[in-house]
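Take a look at the structure below.
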Amino acid sequence: MRSDVTSMTAVLEGFASRTSTSDGRAAERRPVPFPDAVPVEPDPAADDLRPVHDLRDTLRRRRSSLRYAPEPVRTGLILSLLGEVVRRDRDDWGLDAAAGPLEGFVFALRSEDEAPGLYRVTAEGSWHLAGLDALGPVENLGVQREFSTAAGIVALYANLDQADTWAGAHGYRVSASRVAMATYDLNFRIQALGLVGTLFGGFIPSSVHRLVHSDGASRHSLLATTYARPVQD
């Protein structure tokens, strides 16, 4: 192992910079839209939204897991929870206009209500983008094949181009913080309902970049979580 922290220190100090690292013209660019997306209005039952664990028990019981039950999960429930999460990010941070809104993409691999496939969620709504066949080999979604054995994966995306124009490297730091908070928020909500899930940074955006129109700048994945029913030992 290296003990010289000079390089890492320089990186960390660089995050304080608010000078744009690109051309600073993100206002002239927009993430690619989804003209063929089909609106979805998730309407989970009240019983599905009722937590089975309070916050204290959720924090005590939560575990990362790569073992998942084969039963499907209600996709409408995940879309509803994710919608609440990105709206909370919008309201708490108040940075959607300046640094760009967060977007969530749900890869519903085993769905109990909505059709399996790819969904997009923003603070404004939810849309179905593609069927399961369009995703290709689902094991390519993560660096560990076990991630693809979950009922689904949720990846959170940010507009790094707009964040950089707003505040340079500090803008990236803020976007990463927002995504981390949103992903943990979603994961805690999932686990409070008796489901399981694991946060991971090994989502492979290149495997679906054409489907989500990800260019690595105006729409880029920063963190993901699995969701599934727990294995009953």
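Counting only protein heavy atoms and using a 1.4 Å probe, what share of the accessible area of the chain belongs to carbon plus sulfur, as a whole percent? The nonpolar share, carbon plus sulfur, comes to 52 percent. Based on the Cβ-Cβ distance from residue 19 to residue 43, what FRET efficiency comes out when R0 is 45 Å, to the nearest 0.05? According to the calculation, E is roughly 0.45.
Determine the shape class of the stretch 32-157: with a ≥ b ≥ c the square roots of the Cα gyration tensor eigenvalues, call it rounded for a/c under 1.5, and otherwise prolate if a/b is greater than b/c, oblate otherwise. Write out the running numbers ahead of the final one.
Working: a/c = 1.43, a/b = 1.06, b/c = 1.35.
It is rounded, given that a/c, with a ≥ b ≥ c, falls under 1.5.
Considering helices alone, the calculated mean residue ellipticity of the chain at 222 nm is -10500 deg cm²/dmol, with DSSP H runs of length four and up weighted by -39500 (n - 2.57) and normalised per residue.
Hey, can you rank 210-223, 47-60, 66-79, 156-169 by average C-beta count inside 10 Å, highest first? Intermediate values should be presented prior to the final figure.
Working: 210-223: 18.3, 47-60: 11.8, 66-79: 20.1, 156-169: 23.8.
Highest-to-lowest ranking by the protection proxy: 156-169, 66-79, 210-223, 47-60.
Using +1 at the Cβ of each Lys and Arg and -1 at the Cβ of each Asp and Glu in the chain, identify which of 79, 227, 44 lies farthest towards the dipole's positive end. Positive-end residue among those listed: 227.
Using the 1.4 Å probe convention, the accessible area of the stretch 1-114 works out to 67 Å² per residue with neighbouring protein chains retained. For the stretch 108-233, what is the charge dipole size about the Cα centre, in debye to the nearest 20, if Lys and Arg each add +1 at the Cβ and Asp and Glu each add -1 at the Cβ? Computed charge dipole of the stretch 108-233: roughly 200 debye. In terms of packing, defined here as the mean over residues of other Cβ atoms within 10 angstrom, the peptides 191-204, 11-24, 134-147, 95-108 line up highest first as 95-108, 191-204, 134-147, 11-24.
Taking only the C-alpha atoms of the chain, the Rg (one decimal) and the largest Cα-Cα distance, Dmax (whole number), read 18.0, 55 Å. To the nearest 20 debye, what charge dipole does the stretch 4-116 have about its Cα centre, counting +1 at the Cβ of each Lys and Arg and -1 at the Cβ of each Asp and Glu? Roughly 460 debye for the stretch 4-116.
Rounded, prolate or oblate, given the Cα gyration tensor of the stretch 1-47, with a/c below 1.5 counting as rounded? Write out the running numbers ahead of the final one.
Working: a/c = 3.82, a/b = 1.75, b/c = 2.18.
Note, shape of the stretch 1-47 comes out oblate.
Between 40, 32, 85, the residue with the greatest mean-square fluctuation in the GNM of the chain (Cα pairs under 10 Å linked by springs) is 32.
The values are calculated or read from the model by the stated rules, or taken from the named source; none is laboratory data. Since the structure is predicted, the reported quantities are computational estimates derived from the model, not experimental observations. A quick note on method: Cβ atoms are made from the backbone with ideal geometry, for glycine too, and the neighbour counts reach across all protein chains shown. For accessibility, only protein heavy atoms count, side chains too; no ligands or nucleic acids. Shrake-Rupley method; radii C 1.70, N 1.55, O 1.52, S 1.80 Å.
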